[in-house]
1. With contacts defined as alpha carbon pairs under 8 Å and 6 or more residues apart, what's the relative contact order of the stretch 1-74 in percent?
2. Given the peptides 112-121, 31-40, 66-75, arrange them by the average over their residues of other C-beta atoms within 10 Å, most packed first.
3. Can you work out the PRE-style zone for Arg66? Point 7 Å along Cα to Cβ, and I want the residues of the stretch 28-45 with backbone N under 18 Å.
4. Using a 1.4 angstrom probe on heavy atoms only, work out the carbon and sulfur share of the accessible area of the chain in %.
5. Below 8 Å, C-alpha to C-alpha, sequence gap of six or more: please give me the relative contact order for the chain in percent.
6. Could you list which residues have their amide H under 5 Å from that of Ile134, counting only those 5 or more apart in sequence or on another chain, with H placed in the peptide plane?
7. Quick one: go through the stretch 64-93 and flag any residue whose amide nitrogen is under 17 Å from the point 7 Å out along the Cα-to-Cβ line of Leu19.
8. Given a 1.4 angstrom probe, what's the average accessible area per residue across the stretch 11-148, in square angstrom?
Amino acid sequence: MFDSGAAVTAALEAAGADLDDAQRQPNGVDLTVDAVFAQTEPGRLGRDGKRVGERRELEPRGDCYRLERGSYVVRYGEPVRIPAGRIGFVLPRSTLLRNACTLDTAVWDAGYEGVGEGRLDVGHPIEIEPGARIAQLVLAEADHEGTYDGAYQEENL
Ligand SMILES: O=c1ccn([C@H]2C[C@H](O)[C@@H](COP(=O)(O)OP(=O)(O)OP(=O)(O)O)O2)c(=O)[nH]1
């Protein structure tokens, strides 16, 4: 069972998110883009550890990011806290898909708190304004043992 948009709104507002009406959706809450990065060196996934490679923050040109084809990392604009008993999923706005672009995202664990990041895949050049809505967070009921306590806890806050 997925939560209503009103319940997702309440969860984000409890985490300190300042949402406007356009972000409140029937089944979730739209997340905005706060920053876009180009990866500049390899990261690493080892058996015992991991490293996120260096990246360079892109500057908007004029009023928007003008992105050429490629892979970017985006940081969202809202603090998120995934409540106990829930799992979060972030999906791209369909307008991204309709423009040959998408977001790749992973599981948002119960107990995670922070401003998350995702991979923006640009299949055709696109203009994105800083602060524009690019994704939607939905929350589903989920059993879990323990809560998130990893390296990204409280990231970007
Ligand atoms: O697309 C996503 C998916 C998740 N997260 C946040 C919420 C999640 O709880 C946390 C950690 O995600 P995950 O467990 O997939 O990362 P990991 O690489 O396995 O890190 P860790 O070893 O800390 O679990 O990152 C994002 O920012 N973006």
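The values are calculated or read from the model by the stated rules, or taken from the named source; none is laboratory data. Predicted model, so just to flag it, every value in this text is computed and none were measured. Note that each Cβ is placed from the backbone with ideal geometry, even for glycine, and that neighbours are counted across all protein chains shown. The accessibility values were calculated without ligands, DNA or RNA, using every heavy atom of the protein model including side chains. Shrake-Rupley method; radii C 1.70, N 1.55, O 1.52, S 1.80 Å.
1. Dividing the mean separation by the residue count of the stretch 1-74 yields 26 percent.
2. So the order, starting with the most tightly packed, is 112-121, 31-40, 66-75.
3. Residues 36-38 qualify, since their backbone N sits under 18 Å from the label point.
4. Reported share for carbon and sulfur atoms: 46 percent.
5. Across the chain, relative contact order equals 29 percent.
6. Under 5 Å from the amide H of Ile134 lie the amide H atoms of Leu31, Thr32, Val33, each far enough along the sequence or on another chain.
7. Of the residues in the stretch 64-93, 76-84, 86-93 have backbone N under 17 Å from the label point off Leu19.
8. Heavy-atom accessible area per residue stands at 55 Å².
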